[in-house]
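This structure is in structure tokens; I'll ask about it shortly.
The values are calculated or read from the model by the stated rules, or taken from the named source; none is laboratory data. Note that this is a predicted model, so its numbers are computed, not measured. Here the Cβ is made from the backbone with ideal geometry for all residues, glycine too, and neighbour counts use every protein chain on show. Calculation scope for accessible area: heavy atoms of the full protein, side chains included, ligands and nucleic acids excluded. Shrake-Rupley method; radii C 1.70, N 1.55, O 1.52, S 1.80 Å.
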Amino acid sequence: MRRLLPFLLVGCADIRLNYGTADTGDTGDTGDTGAPVDTDTGTPPDTDTDEDTDTDEDTDTETGRPTPAACGRILVYSTEATPGAGRAIGRFDAISADPALAAFDVDVRERATDGPLTLDDLEDYSQLWLFGTDRDIGTALAFDEVRAIRDFLETGAGLLVAGEHEDESTSYADDVALVSELYGVAFEESAREAADGELVPLGGVDGALLPGVAEVPGFASVAELGVTDPAVRVAGTIAGAPALAYRDDGPWVVFDRSWEGWSDAHRGAGDQPAVVSGVATFLEGCAR
């Protein structure tokens, strides 16, 4: 039967090709629809130019890189361990109404209240702002969450990741260390700080990332940034020490050594509004 099948298929093809086009000797034969026919296959060519020329709407036609499923949307996500504790003190509540983010829709979530991050959650956004705000055991991101963030960035989305320390044995940065180190930055005094990590060379503020910012505002509790990947570059300094770093070589990530500058208490200090606006604009994958 296997040997006969090709011959049967050929026979079916012949029947299909000749259907309605057989020469009956009548030159006025109306069986032929008059549609152009491919002489090789006997079938009408595809004339649907929309289908032929359509490009994937999720791909930037200039760079060939994918763009996020959503545009102009930021998820602010805190690793807060106690349900409602961050909201009770107004840690990020007002960020959605910040004039510096007027061009964006901003949602705020806490891990303890709203649950762990999933890729389904992230696909509704073009940026994730990830803050290590708690030092309780068990607040660190799980591997599934890290994997979701990695897959999210592969769509061309952006990531801001910030942690800090308070000169204690445990660190806020521990909560987000798995993500920051995946992209080349270790926070000083985090439990996972790379043993061979070196501080990034001092440098001026990068104008493309932070236009108009001369010095990043400093805050009471901050960590130094240690580089584990040469693709990471300095974006800003505090009193001459690296405060912000970034990479734009595929994974678009900004690293801030302290989450405090993004909180409701400090976001309006000094040049911080310009930092907030500059980082949001830089990370917007739909605009690249």
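Could you tell me whether the range 141-151 includes any residue that is of a type outside the set (G, A, S), touching a residue at least 40 places away in the same chain (Cβ under 8 Å) and part of a loop (DSSP other than H, G, I, E, B)? I'd like the intermediate steps shown before the answer.
Within the range 141-151, the subset of a type outside the set (G, A, S) is 141, 143-147, 149-151.
Subset that is touching a residue at least 40 places away in the same chain (Cβ under 8 Å): 141.
Among the residues that remain, those that are also part of a loop (DSSP other than H, G, I, E, B) are: 141.
Yes - at least one qualifying residue is present in the range 141-151.
Then there's this: Among residues belonging to the range 231-257 that are in contact with a strand residue (DSSP E or B) (Cβ under 6 Å, 6 or more places away or on another chain) and outside any strand (DSSP E or B), point out the one that is most open to solvent (accessible area, probe 1.4 Å).
My answer is A231.
So, in the range 259-277, exactly how many residues are more than 14 Å from G72 (Cβ to Cβ), in a helix (DSSP H, G or I) and either touching a helix residue (DSSP H, G or I) at 6+ places or on another chain (Cβ under 9 Å) or open to solvent by less than 10 Å² (accessible area, probe 1.4 Å) (or both)? Step through it out loud before you land on a result.
Here is the first cut: in the range 259-277, the ones more than 14 Å from G72 (Cβ to Cβ) are 259-276.
Cutting the leftovers down to in a helix (DSSP H, G or I) gives us 260-262, 272-276.
Subset that is either touching a helix residue (DSSP H, G or I) at 6+ places or on another chain (Cβ under 9 Å) or open to solvent by less than 10 Å² (accessible area, probe 1.4 Å) (or both): 261-262, 272-276.
Result for the range 259-277: 7.
Residues to consider are D175, D136; find the one that is part of a loop (DSSP other than H, G, I, E, B) and either farther than 20 Å from V279 by Cα or open to solvent by less than 10 Å² (accessible area, probe 1.4 Å) (or both).
Working: D175 fails: part of a loop (DSSP other than H, G, I, E, B).
Answer to the check: D136.
Just to verify a result, which residue in the range 111-133, among those that are of a type in the set (V, I, T) and surrounded by fewer than 24 Cβ atoms within 10 Å (Cβ to Cβ), is nearest to A85 (Cα to Cα)?
T113
Residue by residue through the range 216-230, note down the ones that are exposed (fewer than 15 other Cβ atoms within 10 Å of the Cβ) and either closer than 21 Å to S263 by Cα or at pLDDT below 75 (or both).
Residues satisfying the conditions are A220, S221.
Same structure, new question: Any residue at all in the range 142-161 that's touching a helix residue (DSSP H, G or I) at 6+ places or on another chain (Cβ under 6 Å), modelled with pLDDT under 95 and surrounded by 24 or more Cβ atoms within 10 Å (Cβ to Cβ)?
no
Of the residues that sit in the range 236-281 and are farther than 17 Å from G132 by Cβ, out of contact with any Leu (no Cβ under 8 Å at 6 or more places or on another chain) and among the polar types (S, T, N, Q), which one is modelled with the lowest pLDDT?
Q272
A further question on this structure: Which pairs have Cβ atoms under 8 Å, sit 6 or more apart or on different chains, and link a residue in the range 176-188 that is on the phi > 0 side of the Ramachandran plot to one that is modelled with pLDDT of 90 or more and surrounded by fewer than 24 Cβ atoms within 10 Å (Cβ to Cβ)?
Qualifying pairs under 8 Å: G184/R247.
Here's another thing I want to ask about it. How do the pairs read when you match residues in the range 264-287 that are farther than 25 Å from A70 by Cα with residues anywhere that are hydrophobic (A, V, I, L, M, F, W, C) and open to solvent by 60 Å² or more (accessible area, probe 1.4 Å), using Cβ under 8 Å and keeping only pairs 6 or more apart or on different chains?
D271/A214
Regarding D196, is this residue modelled with pLDDT under 80, open to solvent by 10 Å² or more (accessible area, probe 1.4 Å) and assigned to a loop (DSSP other than H, G, I, E, B)?
yes
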